[in-house]
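The structure appears below as structure tokens.
What follows is calculated from the coordinates using simple rules that are stated; it is not laboratory data. Source: prediction; values computed, not measured. Here Cβ is always computed from backbone atoms with ideal geometry, including for glycine, and neighbour counts include all displayed protein chains.
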Amino acid sequence: MSHSHLSFAGDRLPYSLNASHLTSAFPSTYPFNVFAAGLTELLQETDDVDVFRSVITTLEDSSFRFLAVCKVAYGFEEVEALEREVGFYQRELRHLQGKYIPRLFGYFVGTTVRGTTAALVTSDEGRPLLKPFACLSLQFRKRVYRGLRRIHQAGVHHGDVLEANLVVRRRKDGSYWPMIVDFDRARKHECEVKGKKTQIYGPCPEPGEDVCFELYAIGGEEGLDIWRPNSRVRGFVDSRGGGDGRELRAGECGGAGNYIG
Ligand SMILES: [Zn+2]
């Protein structure tokens, strides 16, 4: 395994990184040594971190093709954060891969013209979410909350739950499935919600007692808005029943439907 490496093609990233960890569970056992990442789209770019959509191939098997997202970090600090992130994928969140978080393909490190460089390669699970939480269906908001709750139950505090850190795929039944990404601000966490059931549209829980602060905040009105409204005047009740009171803000949402580009 230690001899495997990943080569980035193209002008932006003309280098190879060595596999520090290569997952062997998915999509095959990878009997290959040399992978190439063809960059198809730049998703995010900051001073020290670039995120690309890419296709991973290997010369050793022309049928091998893995649609991936490569998160490439430069410099000691950013690489250290990426290493923590890969640790969560490998350990605490391993069982949630493919369900609530992407699957880990591999982690590659090396030295490039930009110094210490590392790449976290995960499965491509869809497009970044385009709409604010307030514009999403109740079904979708529940899915986001459940995913985050599972992450907490696994002992991880995300630290940066924003629309931008959800990727979304449209399923065969037409509904949208969210996956939670970007664990570089995550930390280990003993969650108050462990073993307890917080109810969606149940009474607003007590932060620090019924739920931890991150889950409380994300379930609140500025986030997923899934606690039962109580003292606040909402000004609108869906008379058809079963609505979630969100229609008021529909104008901000650019119409129903597509969550993704
Ligand atoms: Zn928690």
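Loop-resident trypsin sites (Lys or Arg not before Pro) (DSSP state other than H, G, I, E or B) in the stretch 26-100 with no more than 16 further Cβ atoms inside 10 Å of their Cβ: ARG91, LYS99.
Note on LYS71: aspartates and glutamates with a C-alpha under 16 Å away, same-chain residues under 8 apart excluded, are GLU41, GLU45, ASP47, ASP48, ASP50, GLU80, GLU83, GLU85, ASP124, GLU125, ASP182, ASP184.
Close amide H partners of ARG103, meaning residues 5 or more places away or on another chain with modelled amide H under 5 Å apart, are GLY98, SER123. An oblate overall shape is assigned to the stretch 77-216, the ratio a/c of its alpha-carbon gyration tensor axes (a ≥ b ≥ c) being 1.5 or greater and a/b not exceeding b/c.
Within the stretch 126-194, the trypsin sites (Lys or Arg not before Pro) that combine a DSSP coil assignment with at most 15 other C-beta atoms in a 10 angstrom radius are ARG171, LYS172, ARG185, LYS194.
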